[in-house]
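Engineer: Sharing a structure below in structure tokens format, with a few things to ask.
The values are calculated or read from the model by the stated rules, or taken from the named source; none is laboratory data. All values reported here derive from a predicted model rather than from experimental measurement. FYI the Cβ positions are ideal-geometry reconstructions off the backbone, even for glycines, and counts take in every protein chain you see. We work out accessible area using only protein heavy atoms, side chains counted, and drop any ligands, DNA or RNA first. Shrake-Rupley method; radii C 1.70, N 1.55, O 1.52, S 1.80 Å.
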Amino acid sequence: MKGPSSEFDRLLEESFKKRQSIEPGSRHEAKVTAVKNDYVFIRTIDNKVIGNISTEEWREEVLPKIGDTLIVYFLKENSGDFYFTTCLSQDNLTEENLELANQFEIPVLGQLLLEGNGGWDVKLGSYTAFVPFSQLEVSLKGKNISGKRIKFIISELGKKQSKILLSQKKIADKERETKKQLLRDELKVGMFVSCTIKSIHKFGLIVDMDGIDALVPQSEATYKKSPDLTTEFRVGETLRAKILTLDWSTNKISLSVKDFLSDPWSGKLPFKESDIISGTVESIKPFGLFVRLGEDFSGLVPNKETGIPQRTPLNTVFQPGQKLEVFVLEINPEKRQIALSITKASEAKDRMEYQEYLSKDESNPSVSSFGLALKKSLENQNQKKKK
């Protein structure tokens, strides 16, 4: 049976081993074990050291919960208590701790004061530091950020803190890399995620996915052909998307929002075969015209259905944006293709005008010269088709 002295010796030896295994400035992953008024208590995952962090570090943020994982930095041991930090702020921004922060890239919390030539003055505890514009994230540039508190990394520290240069971009890059490591294990192709639009381009949407940039290609942002994405989306809008590809080696992630959009082909189409409908010339190709039909559909008028003589360039007769009427020849839902005809639309209109003319003058058995000419024209067209 061990006596009191042997138990004390064991605890003393254990404490000594812990002190040797942890150095000031060292970075650790830790689990939150308790949350009190003044301190958050943690246990490091690697060497099981129990320590505490001042709750002042979360003065402007939500306190962590028991079981949360934190990235922490060891500061000092005092009377058997181990003090850690997630980000140095307020009273912890001492000369000694600033040296540690500079050496081990421990985050520091500073307050933006005044914008000057080339950057911002920053209040760092009782010290004044400087962050160049080049070391601020693009999202902060050009905005009114005076008074804003953000995290920095010390990039240069002069003697007796006479000169302190900061970088916010560097810490943002580090946080992004940390998030990326976590997301690598969590994200899989086919999963659904939330994202926020950062910028809108012809080729698609650049979105922020929990700190990681991703692309929603134009073809996966809408069912419309040749859409103007600036009219359908806005910067800052939150979207629900499905992961299409994940390539961590090139940092390329592509998403689709189509699962959350209504597919115009899935419902009843606003027209059917043999209908005559209005359209707008969308583009001119060597093989025919693409015609936009409303907001959601486009169809093709092949060369032979344009009514233009062979070897006559279509762009000498038609122009993009030109309004015209087309006859719906065929609808193929599986291929999402619509075949159209300008010729048959013209013929059908002629027939309708002729029938309307006859119905208006049924009391007169004789037909006027206009009616006879129209009838003869239609008969000639039919004879040509038979030949």
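Engineer: Give LYS252, LYS242, LYS224, LYS202 a once-over and let me know the one that is open to solvent by 50 Å² or more (accessible area, probe 1.4 Å), at pLDDT below 85 and over 11 Å from the mean Cα position of the chain (by Cα).
Structural biologist: Answer to the check: LYS224.
Engineer: Here is a follow-up. From SER167, SER139, which residue is out of contact with any Gly (no Cβ under 8 Å at 6 or more places or on another chain), small (Gly, Ala, Ser) and open to solvent by 50 Å² or more (accessible area, probe 1.4 Å)?
Structural biologist: Unique residue meeting the criteria: SER139.
Engineer: Quick one: in segment 1-49, of everything that is in a loop (DSSP other than H, G, I, E, B) and open to solvent by less than 80 Å² (accessible area, probe 1.4 Å), which residue is modelled with the lowest pLDDT?
Structural biologist: GLY3
Engineer: Which members of segment 282-303 meet the condition of being touching a helix residue (DSSP H, G or I) at 6+ places or on another chain (Cβ under 7 Å) and exposed (fewer than 15 other Cβ atoms within 10 Å of the Cβ)?
Structural biologist: Answer for segment 282-303, where residues must be touching a helix residue (DSSP H, G or I) at 6+ places or on another chain (Cβ under 7 Å) and exposed (fewer than 15 other Cβ atoms within 10 Å of the Cβ): just PHE287.
Engineer: Considering only segment 257-281, how many residues are part of a loop (DSSP other than H, G, I, E, B), open to solvent by 50 Å² or more (accessible area, probe 1.4 Å) and among the charged types (D, E, K, R)?
Structural biologist: 3
Engineer: Oh, and also: Name the pairs whose Cβ atoms lie under 7 Å apart, with the first residue in segment 269-294 and at positive phi, the second hydroxyl-bearing (Ser, Thr, Tyr) and in a loop (DSSP other than H, G, I, E, B), and 6 or more positions between them or separate chains?
Structural biologist: GLY288/THR306
Engineer: Which of the residues belonging to segment 304-326 are part of a helix (DSSP H, G or I), surrounded by 15 or more Cβ atoms within 10 Å (Cβ to Cβ) and not charged (D, E, K, R)?
Structural biologist: Passing the criteria: only LEU314.
Engineer: Checking SER262 against (1) touching a helix residue (DSSP H, G or I) at 6+ places or on another chain (Cβ under 9 Å); (2) modelled with pLDDT under 85, which test does it fail?
Structural biologist: SER262 satisfies every listed condition except (1).
Engineer: Sticking with this structure for a sec: Report, ordered by the first and then the second residue, all pairs with beta carbons closer than 7 Å, sequence separation of six or more or different chains, a first member in segment 313-330 that is free of Cβ contacts under 8 Å to residues at least 60 places away in the same chain and over 10 Å from LEU289 (Cβ atoms), and a second member that is of a type in the set (S, T, N, Q) and open to solvent by 20 Å² or more (accessible area, probe 1.4 Å).
Structural biologist: GLY321/THR280; LYS323/SER278; LYS323/THR280; GLU325/SER278; VAL328/SER274
Engineer: So which of ILE145, ILE154, ILE150 ends up being under 30 Å from the mean Cα position of the chain (by Cα) and in a strand (DSSP E or B)?
Structural biologist: One residue alone meets the criteria, ILE150.
Quick grid of which residues meet (1) open to solvent by less than 20 Å² (accessible area, probe 1.4 Å); (2) not charged (D, E, K, R):
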position	(1), (2)
ILE66	no, yes
THR69	no, yes
ASN78	no, yes
PHE84	yes, yes
ASP91	no, no
GLU96	no, no
PRO107	yes, yes
LEU114	no, yes
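Engineer: Return only the number of the condition from (1) surrounded by 19 or more Cβ atoms within 10 Å (Cβ to Cβ); (2) within 21 Å of the chain's Cα centre (by Cα); (3) outside any helix (DSSP H, G or I) that TRP120 does not satisfy.
Structural biologist: So TRP120 meets the others, but not (2).
Engineer: Can you pull out the residues in segment 225-256 that are closer than 28 Å to GLU175 by Cβ and not in a strand (DSSP E or B)?
Structural biologist: PHE233, ARG234, VAL235, GLY236, GLU237, TRP248, SER249, THR250, ASN251 - these are the residues of segment 225-256 that are closer than 28 Å to GLU175 by Cβ and not in a strand (DSSP E or B).
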